[in-house]
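What follows is one structure encoded as structure tokens, with my remarks underneath.
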Amino acid sequence: MKLRHPAVLLSLLALGLAGTGCQTYRDQASSMRDAWAQGRYLEAADQFARRADKKHESKDGVIWHLEAGAVLRALGRYPESNQHFDQAAAQIEAYEQQAEVRLGNEVGATLSNQQSLPYEGRPYDKIMLHTYKALNYLALGEIEKARPELIRAYQRQQEAVTENARRIAQAREEQQQSQQREAVERAGQDPKLSAQLQENTRNLEGFKVYADYVNPFTVFLDGIYFLHAGAGSSDRERALKSLNRVIEVTGENSTIRADLQALANPTGLNPNAPLTYVILETGRAATRDQVRIDVPIIIADVSYVGAAFPKLEFHDDFLSGLKVTRDGVQASTEPLASMDAIIALDFKNEWPAIVTKTLIATVAKGAAAYGVNTAARQADDMAGLLARIGTAIYQAAVNIADTRSWSTLPKEFQVARFPTPENRTLALAGGAGQQAKVTLLDGTVNVVYVRSVNVSSPLLVSQFILK
């Protein structure tokens, strides 16, 4: 046996790949995600920030910067948070300007997996990135800098519809151009596979559907910003449009209705009537795990034809609401926007493209393995054996789903609105004994922002003045 034989070299390469390991993003981020989920916020922030700095130039730079930005923001480290969001935004925009490069990368992923592609940010990532940047500027007292971020977040919602249509069309085009198009089509029509794929998305049902990629929390923030920090009739008109849009996509909400009534008042808002909002970010948003499913491709002598598909995992350990007591009067936050619903809808919209791309890659890798095994078997028995072992190891090593997802987003946004108490003091209480006292800043329109990761974690409380 000679080591220069291509089958032997392939086998050694595959063994080396397996030894190196091919981890999913979920595995790579497990320690810092655990720290975040368990309330070890400083540890999570340090790990995410260090990883983002280290991986800045990598294909995963965007997702690491998003994670770091969210955790640092929750800790009140707003300039650092915006640095990470700025870097994520710059990388996303660079990817968007490189359509030809993206197409080349897609071809390369055929013989590996979708996680080998650069993470360009999903539609809801881009919307929340600019929403968080706006909130950071508000917390820093740089109110005017929040305006362009809110406008950009609105634009991102408009672009999301076109982006989804593009990714589905691209997947169909790749299927048509695939050399194994017939095998891909046969695999997709298999009843057993179809049943398994359907089961994989069963947990996406039952969520409220927000039309056209609308994030109600972003639209709400847009509304109250232009209502209270805006100037002139055009800003008031924008506030009215945004708040009506929230009601349209979510249904009745007492906070939104009160703001709409204030806007409808022909005498305008009373500038001397102090007002307070309490915004609650609660829980952890749905994240991606993976499930392995055998794909029925008809190519002889292939040792491994399994495929890994992403699957959404929902996290149900969360604070269901916050009670706010002021001057002896109690109010409760009420649901405004479900990130789980937004993420589930995005996943459902992306699912046809995911299935198509995964089937193309599975069939292509199966065909390549068949070719290597056939050539090696014709050379000598040892080479054939090593080739089969090598291709099996390679297929198993690269058979991972793209589990990259922004894990530090909240499960849900809630809100409460009430006249500012005379003593400017609030008592916050969660259902599991979480408590905090807040002395409001000296403002006419105050916003208290609360982050709760789970029912046992401490509340992270900050505030800013909107007017």
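The values are calculated or read from the model by the stated rules, or taken from the named source; none is laboratory data. Since this is a predicted model, take the numbers as computed values, not measurements. Note: ideal-geometry Cβ built from the backbone for every residue, glycine included; neighbour counts use all protein chains shown.
Points to keep in mind about this one:
Okay, residues lined up against (1) modelled with pLDDT of 90 or more; (2) over 24 Å from the mean Cα position of the chain (by Cα):
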site: THR201; (1), (2): yes, no
site: VAL209; (1), (2): no, no
site: ILE224; (1), (2): yes, yes
site: ASP235; (1), (2): yes, yes
site: LEU240; (1), (2): yes, yes
site: LEU260; (1), (2): yes, yes
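- Residues within the range 144-156 that are surrounded by fewer than 23 Cβ atoms within 10 Å (Cβ to Cβ) and touching a Phe, Trp or Tyr at 6+ places or on another chain (Cβ under 7 Å), tallied: 1
- Scanning the range 185-208 for residues that are surrounded by 12 or more Cβ atoms within 10 Å (Cβ to Cβ) and closer than 27 Å to TYR154 by Cα yields a total of 3.
- Candidates are the residues of the range 211-222 that are assigned to a helix (DSSP H, G or I) and surrounded by 13 or more Cβ atoms within 10 Å (Cβ to Cβ); the one that is nearest to the chain's Cα centre (by Cα) is TYR213.
- Every residue from the range 117-149 that is within 22 Å of the chain's Cα centre (by Cα) and assigned to a loop (DSSP other than H, G, I, E, B): LEU117, PRO118, TYR119, GLU120, GLY121, ARG122
- When the range 74-90 is limited to residues that are closer than 17 Å to ALA153 by Cβ and small (Gly, Ala, Ser), the one that is surrounded by the fewest Cβ atoms within 10 Å (Cβ to Cβ) turns out to be ALA90.
- Failed item, numbered, when ALA427 is tested on (1) farther than 30 Å from ALA29 by Cβ; (2) at pLDDT below 95: (2)
- Residues of the range 419-439 satisfying the condition of being more than 24 Å from TYR41 (Cβ to Cβ), surrounded by 13 or more Cβ atoms within 10 Å (Cβ to Cβ) and either under 30 Å from the mean Cα position of the chain (by Cα) or not β-branched (Val, Ile, Thr) (or both): PRO421, ARG424
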